[in-house]
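Below is one structure; the comments refer to it alone.
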Amino acid sequence: QVQLVESGGGLVQPGGSLRLSCAASGSIFNIYAMGWYSQAPGKQRELVATITSGGSTNYADSVKGRFTISRDNAKNTVYLQMNSLKPEDTAVYYCNVRTIPATYWGQGTRVTVSS
């Protein structure tokens, strides 16, 4: 059984920072990519950032220069450092882990950016 445990969400003022973490545990092997997706109210889930096992990263245009994704392969953990947060970043953020042959999702952590 695979578990993804997310943490780090919360309420922050515009311009503030948050760091999300997602730790994968259980019978999980051959991870080739980890990432974060967001889903705002009334909208579809969309990619925020991904990182491969080799360290290659990909970001949504809306977060480039503000968010940084990183991972600790030994701990099967992925992080998302979010700086210069904007109200439009408000969403539930989901951790995503892709292996061969399965894809796993976390339960989501809520990020609210508001004054």
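The values are calculated or read from the model by the stated rules, or taken from the named source; none is laboratory data. Computed from a prediction, not measured in an experiment: that's the story for all the values here. In this analysis, Cβ positions are derived from the backbone assuming ideal geometry, glycine residues included, and neighbour counts consider all displayed protein chains. All accessible areas refer to the heavy atoms of the entire protein, side chains included, with ligands and DNA or RNA removed. Shrake-Rupley method; radii C 1.70, N 1.55, O 1.52, S 1.80 Å.
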For the stretch 75-114, enumerate the residues that are in contact (Cβ under 8 Å) with a residue 60 or more places away in the chain, open to solvent by 40 Å² or more (accessible area, probe 1.4 Å), more than 11 Å from residue 12 (Cα to Cα) and of a type in the set (Ser, Thr, Tyr).
79, 104
Within the stretch 26-46, is even one residue open to solvent by less than 10 Å² (accessible area, probe 1.4 Å) and in contact with a helix residue (DSSP H, G or I) (Cβ under 8 Å, 6 or more places away or on another chain)?
no
How about the stretch 47-74: which of its residues are open to solvent by 50 Å² or more (accessible area, probe 1.4 Å) and at positive phi?
65
